[in-house]
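Asker: Here it is, the structure in full.
The values are calculated or read from the model by the stated rules, or taken from the named source; none is laboratory data. All values reported here derive from a predicted model rather than from experimental measurement. Note that each Cβ is placed from the backbone with ideal geometry, even for glycine, and that neighbours are counted across all protein chains shown. Each accessible area value is taken on the protein alone, full model and side chains, heavy atoms only, with ligands, DNA and RNA left out. Shrake-Rupley method; radii C 1.70, N 1.55, O 1.52, S 1.80 Å.
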Amino acid sequence: MLKRLLGDSVSLVFGNLETVFKVCGSWFILQFALMMLIRLATGGADSQSADPGAMVLLSLVMLMFALASSASIGVAWHRFGLLGETPGLIHLRVGGVELKFILKSLLLALIFVCVWLLVGFVQVAIGVPVVTGVFAVLLLIFAIPTFLRLSLILPATAVEKPISLGEAYAISEGLGWRMFFASLILSLPFVLAGILFQYLLQGMAGSLPIILLQFKLMLLNVLLQIIVTVLGISVLTAGYRMAMEAHSSPDPSVFQ
């Protein structure tokens, strides 16, 4: 099952790089433009010297942008992977499906926050670091696969066949940890490559103009961010497809 998750995710992304950049390109260009506008508006001021009201407003703008862009990219990629729909060259869609996707994403975020609040409550109530640490580890062992299984509500929402949290959990038995390891295996090489390239470019700082160096770092980060983002979404796409196949198949070996 893990092998299929990896294979399906890799082939979906690297076999369709043109679609990857159609889905993500416009949003990442807009993100860059927004960051440049914020830098110009704040004059490069840091969070300590900037006006608190302005920082709150900017934070809200960035949050709204992040929600809109992640939902638009997620819906488009799930629909491409599951339905074969290909977006246009400029993809900046935020409609009814994307709004539902945002609500489901916020629900999952709330569940995640509740888990950490539970850890914090235990830490305050018990006050013993070792006990709290053991409890946190045990909770994460249960929470990680559960959270990923519940996350199958996202591709289901994207293809307009919504399912409840309970249904997502029920149809995805055996997929939780496999989706986690697939995401880790796929993203880790690109994260490490990004760190390595930044180190190499910084080592060349003396021989390159600072503007050229910053541009190369920015371009590299954008490309890596796009690939890592779409690979993560693809794991959920592949997991949802496998879960639906297993749920509809009378043969129990389909999920092995």
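Asker: Which residues, taken from region 98-118, are closer than 26 Å to Ala238 by Cβ and either over 18 Å from the mean Cα position of the chain (by Cα) or open to solvent by less than 20 Å² (accessible area, probe 1.4 Å) (or both)?
Answerer: Glu98, Phe101, Leu108, Val115
Asker: If you take the residues of region 119-156 that are of a type in the set (Gly, Ala, Ser) and farther than 30 Å from Leu82 by Cα, which of them is surrounded by the most Cβ atoms within 10 Å (Cβ to Cβ)?
Answerer: Looking at the filtered set, the residue picked out is Ala136.
Asker: I would also like to ask the following. Is there a residue in region 63-85 that is of a type in the set (Val, Ile, Thr) and at pLDDT below 95?
Answerer: No: zero hits.
Asker: Is region 57-76 home to any residue that is open to solvent by less than 30 Å² (accessible area, probe 1.4 Å), among the β-branched types (Val, Ile, Thr) and within 13 Å of Val23 (Cβ to Cβ)?
Answerer: Yes; the residues of region 57-76 include at least one that is open to solvent by less than 30 Å² (accessible area, probe 1.4 Å), among the β-branched types (Val, Ile, Thr) and within 13 Å of Val23 (Cβ to Cβ).
Asker: Take region 163-187 and flag every residue that is in a loop (DSSP other than H, G, I, E, B), surrounded by 14 or more Cβ atoms within 10 Å (Cβ to Cβ) and not aliphatic (A, V, I, L, M).
Answerer: Hits for region 163-187 are Ser172, Gly174.
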